[in-house]
Amino acid sequence: MATSEDIQTLILTTLDTQGTIENTDSLKTADGATIPYLAVVGVLNSLASKEMIAYTTIERDQFNLTQEGKDIADSGSHEAKVFNAVDPVNGIAIAELAKLLGASAKIGQGKAFKNKWIKKDGDKLVREVESIVDQTQLDALEIRNTGTHSKPATLKDLQARKHVEKVKLISYNVTKGPKFALKIEKQATDLTAEMLADGSWKTQTFKKYNFAGNPPEGGHLHPLMKVREEFRKIFFELGFEEMPTNKYVESSFWNFDALFQPQQHPARDAHDTFFLLDPATSSNFPDKEYVQRVKEVHSHGGYGSIGYGYDWKIEEAEKLLLRTHTTSVSSNMLYRLAQETKARGSFKPAKFFSIDRVYRNETVDATHLAEFHQVEGVIADKNLTLGDLIGFMEIFFEKMGVPNIKFKPAFNPYTEPSMEIFSWHPGLEKWVELGNSGMFRPEMLEAMGLDPDVRVIAWGLGLERPTMIKYGLDNIRELLGHKVDLDMIQSNPACRLDKKMGKELVGKDAVDA
Amino acid sequence: MPTVNVDKEELYTALGRTYTFDEFMDLCFNFGIELEEDTSPKEMAIREVGAHKVDESVSDRPILKIDIPANRYDLLCHEGISRSLLVFQGKAKPPVYKTVMPADGKLQKMFVKPETALIRPFVVCAVLRNVKFTELNYKNFIDLQDKLHMNICRKRTLVAIGTHDLDTLQGPFTYEALAPKDIQFTPLNQEKNMNAEELMTFYENDKHLGKFLPIIRDSPVYPIIYDKTRQVLSLPPIINSDHSKITLDTKNVFIECTATDLTKGKIVLNTMVAMFSEYCSEPFTIEPVEVIYEDNRLPAGVTPDLSSRTATAKIDYINSCTGLKLNPDEICDLLNKMSLEAVPSKEDKNEVVVQVPITRSDVLHQCDIMEDVAIAYGFNNLPHTTPSVSTIGKPYPLNKLADTARVELALAGWSEVAPLTLCSHDENFAFLRKKDPGNIAVRLAHPKTVEYQVVRTSLLPGVLKTLKENKKHSLPIKIFEVGDTAIKDDTQERRSRNVRKVCATYSNKTSGLEQIHGLLDRTLQMLHCQPVDKNGTASGYWIQDSENPTYFPSRSADIYLRQKGETQVIGSFGILHPEVLEKFGLNFPTSAMEFDLEPFL
């Protein structure tokens, strides 16, 4: 048996002497044996990868005799066997024939009758002609010798009679390649430290490289947190101080009452807000006088306001809840600002921001979760104007990559005026709401102890929605919460608020991306 | 934000012109209401239940869906919207509402019995004379009551409106509170006479009224209004009687609003009469009703009070807030566009005097007047300025520390997840093979989603739930979270506080405990914390074998931290117990660590 090295040598020397190998079927080993097809393919591929040879495939059909076909070629057709068994003079008893020929007797008889070679004479068969030509055997022999038959119809007939079967034969036409040589040089797959050390990289040839990168095994940050980080950077660039929002549990007082949100407001309904079973209430308010001022402004007004004219109850304010907005923290911070102002004797402007979780007692679906993140900014200074708020929003949203915004009058219990911020969405071809903004009400600020000329402007927006747009997600549950797909976390790009990403891309940009 | 459906043709007729969708949207946008869509009841029904289920009789008259700010009750119907938009565009003057006496000079009287204090203490009433109802305005009349009931009336708890055909009744009226079995009448659109107990049973499964029954159901007395002949007008806040119901032929309308909140009762009555006195033979006239509290709870008097409230606003305040330089006349012109009648003050050059009509209960302070100036001027026309507030940016130290830890964990090859902070009690305790000590978890009262029972006290349940959802991910799976948990703490103002923690897990065909241990060492090293001998005095950390029910026996350790001589256990790590894995539906070994981050501040 020839080794693959023998075959390699055979192919290379044959090419060297003949210049080309018309058909690898013609290759014979030194002892005259043909070479198995698979062995040839392996060697050819290996040589071709080194560009030492080139080859093309030759495909042709060959017809081989089946076992039955082989029997016919060797000892004649069934009908010929029957004819030969019939004695030219005495014929043969039918029973005798079956004994003599076995299975061939029955098949052969019918055919021999049809050919009018024999006939029945009583219980005997006798010859009807003196001699016959066994064309079936001749056809079988032609196929055995040539691998095919001159008459396609006969081939087809023999295939149908299962005397013949078709096989596909593959062989190759081989020519010299650009790097043809009699000797095979061993090619390296990679550059090694040894090659650098001994300098062999200079003469070594290298295998052709198939490019395929391996993904690195690093860790990944969550896309929502990546967007949060971008927002934080914007706030820091603009000189904002981050608020301590690490308190999910809040009192109704800071969440609603301090914000001048009346106690009958629908948001204070258990249907919308998570009130607590335990701890259910807290009366640990540090500043009873402030609580009294809040009560007064709600029920009877003050600071130029007529108030809401209802019976304010401390019990409502004491109810604990999961904060419905981060504005509960803003209200607390503004109260502290008022305290500091009093202690210092002069007012110092402040800019605060936060990005953290808030809670709503919602039925969860593709666009609503019971907890989500709010981005909030607050600026407190003397005599701020609505124009300041609008101008600042333009700066802020420009940094977010949103250049076109406009403002719609809106209602919010603790800001007056309240302005919804809209931006033009080129994909949806309409103005979509981005967030809310406004100026905190004097009833809220002055009750805290801030001077009437201290104005506080604020704005807020959700973190999840811009993230879903940035990362092309439709279902909020696939972003925040355990239903997230780790592959999504691991394959998502870095967040660049100032670059269009995901669903922000429309038209040509989307196609190019 | 309430949404009002107005008939498009009726609205455009009232506005004196038609608009394209975009034109009308712009007008709404600038005024501060939001045009949602141009549709029809049929289109809406098809969208909701499918074309095959929508009855032929459902109207396909075009309607506009408009979102209204929650404090503008005067915009909850066609009448209010069309009137305000006409005035906003300077095409009309706001109406002036007047009281008129009846022809015989005798006002209707409502006597309030002392017992009503037990259940629903206040009532305010009015009469509209010679009203001309059409199918359209009748529908608006019913719809407005619905909208008011759902919004300012807080689903009828604060105020309930009853409207009646006055010609079927005889004054004086009495507002009483009686035992349910003593109240007997035929409710609206019913044929059967029933007592109030039967009525409660009759309506308890009613889709529309069922939800209002609990407001009074368990009270020993129910509020009830009678006329002189003991004919029932209504059983507030549930239903009116069939006898006095309004039809298209009704001429004279008696309106009563019973209330637990008198201020809101007055606003609701004012809104009703302001909107529908438009259809009186003499528009915008209202006949008052005398209300007499027999126990003198309130002084006897007439309702409604139609007088506008005089408010003032300072010119310099308005200009300072808006960034404009308007003179008093310009301010008054702008306010008139917002249906606020305003004139420069005669006494004070720095003041405008504003008559706040009964429809504008939202005006509480001069800031509300300032806002109307800004809206009329156009928010998008205001000068843009940049506040020159010089401050220094600063991160919250704990957030900065958490970010450091997050980045180090990701650099170490772990991926960040963001589970929810709300979970079930079992997930937080039993699934981790832990007993609830009873005094740490913050528990929710009435969650709509039943599994939201507690605020997590550990990050582990959320991380394990995330693993469960990612079982098909190739192994090993390495994830982490840095986030807040919450625990009860009576020393705090909010009787609880957040605790920021770090949690990481490693899942593979084998437990990978050494991977988690290595990650712990790396993370603490990055937080400037060195491993130390527990018997020494140096600041740093060490670990010590522990038996912890969450982990596999003999495969867990507690993490000790010593700082300035003080030692505390800050967390633990180990191979998760197979029963924990089973509870969270995990089928590969997992090691976990969790520790408090705050000591590293």
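The values are calculated or read from the model by the stated rules, or taken from the named source; none is laboratory data. Treat the numbers as computed from the prediction; the structure is a model and nothing was measured. In this analysis, Cβ positions are derived from the backbone assuming ideal geometry, glycine residues included, and neighbour counts consider all displayed protein chains.
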Only one of A:Pro493, A:Pro452 is surrounded by fewer than 23 Cβ atoms within 10 Å (Cβ to Cβ), more than 8 Å from every other protein chain (Cβ to nearest Cβ), farther than 16 Å from A:Glu371 by Cα and more than 40 Å from the chain's Cα centre (by Cα); which? A:Pro452
Among all residue pairs at least 6 apart or on different chains, which show Cβ distances below 6 Å where the first residue, located in the range B:373-390, is free of Cβ contacts under 8 Å to residues at least 24 places away in the same chain and the second is surrounded by fewer than 18 Cβ atoms within 10 Å (Cβ to Cβ) and not basic (Lys, Arg)? B:Val389/A:Pro349
Does B:Ser591 count as over 25 Å from B:Thr404 (Cα atoms) and either part of a strand (DSSP E or B) or not acidic (Asp, Glu) (or both)? no
Selection from the range A:264-284 of residues that are more than 7 Å from chain B (Cβ to nearest Cβ) and at pLDDT 95 or above: A:Ala280, A:Thr281
Hits in the range A:174-228 - residues which are farther than 30 Å from A:Phe353 by Cα and among the basic types (Lys, Arg): A:Lys176, A:Lys179, A:Lys183, A:Lys186, A:Lys202, A:Lys207, A:Lys208
By residue number, the members of the range A:306-326 that are more than 10 Å from every other protein chain (Cβ to nearest Cβ) and among the small types (Gly, Ala, Ser) are A:Ala317
Going through the range A:170-193 in order, the residues found to be within 22 Å of A:Thr9 (Cβ to Cβ), part of a loop (DSSP other than H, G, I, E, B) and out of contact with any Leu (no Cβ under 9 Å at 6 or more places or on another chain) are A:Pro178, A:Lys179, A:Glu185, A:Lys186, A:Gln187
Filtering the range A:434-481 down to residues that are under 22 Å from A:Lys226 (Cβ atoms) and in a loop (DSSP other than H, G, I, E, B) yields A:Leu463, A:Gly472, A:Leu473, A:Asp474, A:Asn475, A:Leu479, A:Leu480, A:Gly481
Any pair with Cβ under 6 angstrom, 6 or more apart, that starts in the range A:220-232 at a residue that is aliphatic (A, V, I, L, M) and ends at one that is surrounded by fewer than 22 Cβ atoms within 10 Å (Cβ to Cβ) and part of a helix (DSSP H, G or I): A:Leu221/B:Ala410
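Residue by residue, here is whether (1) more than 26 Å from B:Leu269 (Cα to Cα); (2) of a type in the set (S, T, N, Q); (3) at pLDDT below 95; (4) surrounded by fewer than 19 Cβ atoms within 10 Å (Cβ to Cβ) holds:
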| residue | (1), (2), (3), (4) |
| --- | --- |
| B:Pro2 | no, no, yes, yes |
| B:Pro41 | yes, no, yes, yes |
| B:Arg47 | yes, no, yes, yes |
| B:Asp60 | yes, no, yes, yes |
| B:Ile68 | no, no, yes, no |
| B:Phe88 | no, no, yes, no |
| B:Pro94 | no, no, yes, no |
Going by the structure shown, is B:Glu9 in contact (Cβ under 8 Å) with a residue 12 or more places away in the chain, within 14 Å of chain A (Cβ to nearest Cβ) and more than 28 Å from B:Asn336 (Cβ to Cβ)? no
When you scan the range B:446-462, how many residues do you find that are more than 7 Å from every other protein chain (Cβ to nearest Cβ) and of a type in the set (Val, Ile, Thr)? 3
Among the residues of the range B:415-430, write down those that are farther than 22 Å from B:Glu547 by Cβ and either at the interface with chain A (Cβ under 9 Å from one of its Cβ atoms) or assigned to a loop (DSSP other than H, G, I, E, B) (or both). B:Ser415, B:Glu416, B:Val417, B:Ala418, B:Pro419, B:Leu420, B:Thr421, B:Leu422, B:Ser424
Among the residues of the range A:102-116, is any in a strand (DSSP E or B) and at negative phi? no
Test set (1) more than 11 Å from chain B (Cβ to nearest Cβ); (2) touching a strand residue (DSSP E or B) at 6+ places or on another chain (Cβ under 6 Å); (3) in a helix (DSSP H, G or I) - A:Arg228 fails condition number: (1)
Filter the range B:431-445 for residues that are in contact (Cβ under 8 Å) with a residue 24 or more places away in the chain and within 35 Å of the chain's Cα centre (by Cα); the one that is nearest to the other protein chains (Cβ to nearest Cβ) is B:Val442
Restricting to the range B:378-414, and then to whatever is at the interface with chain A (Cβ under 7 Å from one of its Cβ atoms) and within 28 Å of B:Leu335 (Cβ to Cβ), can you tell me which residue is surrounded by the most Cβ atoms within 10 Å (Cβ to Cβ)? B:Phe379
For B:Phe276, state whether it is assigned to a strand (DSSP E or B) and closer than 29 Å to B:Val96 by Cα. no
So for the range A:25-46 (the condition being assigned to a loop (DSSP other than H, G, I, E, B), in contact (Cβ under 8 Å) with a residue 12 or more places away in the chain and in contact with a strand residue (DSSP E or B) (Cβ under 6 Å, 6 or more places away or on another chain)), does at least one residue qualify? no
Taking the residues in the range A:415-432 that are touching a residue at least 40 places away in the same chain (Cβ under 8 Å) and more than 11 Å from every other protein chain (Cβ to nearest Cβ) as candidates, determine which candidate is nearest to A:Leu450 (Cα to Cα). A:Pro426
Quick test of your reading of the structure: A:Glu165 fulfils all but one of (1) of a type outside the set (Phe, Trp, Tyr); (2) touching a residue at least 60 places away in the same chain (Cβ under 8 Å); (3) surrounded by fewer than 16 Cβ atoms within 10 Å (Cβ to Cβ); (4) in a helix (DSSP H, G or I). Name the failing condition by number. (4)
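Any residue at all in the range A:317-337 that is in contact (Cβ under 8 Å) with a residue 60 or more places away in the chain and surrounded by fewer than 17 Cβ atoms within 10 Å (Cβ to Cβ)? Step through it out loud before you land on a result.
If we filter the range A:317-337 for residues that are in contact (Cβ under 8 Å) with a residue 60 or more places away in the chain, which is where we start, we get A:317-335, A:337.
If we keep only those that are surrounded by fewer than 17 Cβ atoms within 10 Å (Cβ to Cβ) too, we end up with none.
No; the residues of the range A:317-337 include none that is in contact (Cβ under 8 Å) with a residue 60 or more places away in the chain and surrounded by fewer than 17 Cβ atoms within 10 Å (Cβ to Cβ).
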Specify which of the listed residues (A:Thr13, A:Thr56) is part of a strand (DSSP E or B) and either among the hydroxyl-bearing types (Ser, Thr, Tyr) or surrounded by 13 or more Cβ atoms within 10 Å (Cβ to Cβ) (or both). A:Thr56
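Can you report the number of residues in the range A:242-263 which are outside any helix (DSSP H, G or I), of a type in the set (S, T, N, Q) and more than 8 Å from every other protein chain (Cβ to nearest Cβ)? Even if it seems obvious, please write down each step before you answer.
Our first condition is that a residue be outside any helix (DSSP H, G or I); within the range A:242-263, this holds for A:242-251, A:256, A:260-263.
Checking which are of a type in the set (S, T, N, Q) leaves us with A:245-246, A:251, A:261, A:263.
Filter once more, keeping what is more than 8 Å from every other protein chain (Cβ to nearest Cβ): A:261, A:263.
Count: 2.
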On the basis of being assigned to a loop (DSSP other than H, G, I, E, B) and either modelled with pLDDT of 95 or more or within 7 Å of chain A (Cβ to nearest Cβ) (or both), does B:Lys465 make the cut? no
Check A:Tyr303 against each of (1) modelled with pLDDT of 95 or more; (2) buried (at least 22 other Cβ atoms within 10 Å of the Cβ); (3) facing another protein chain (nearest Cβ under 9 Å); (4) within 21 Å of A:Pro452 (Cβ to Cβ) and name the one condition it does not meet. (2)
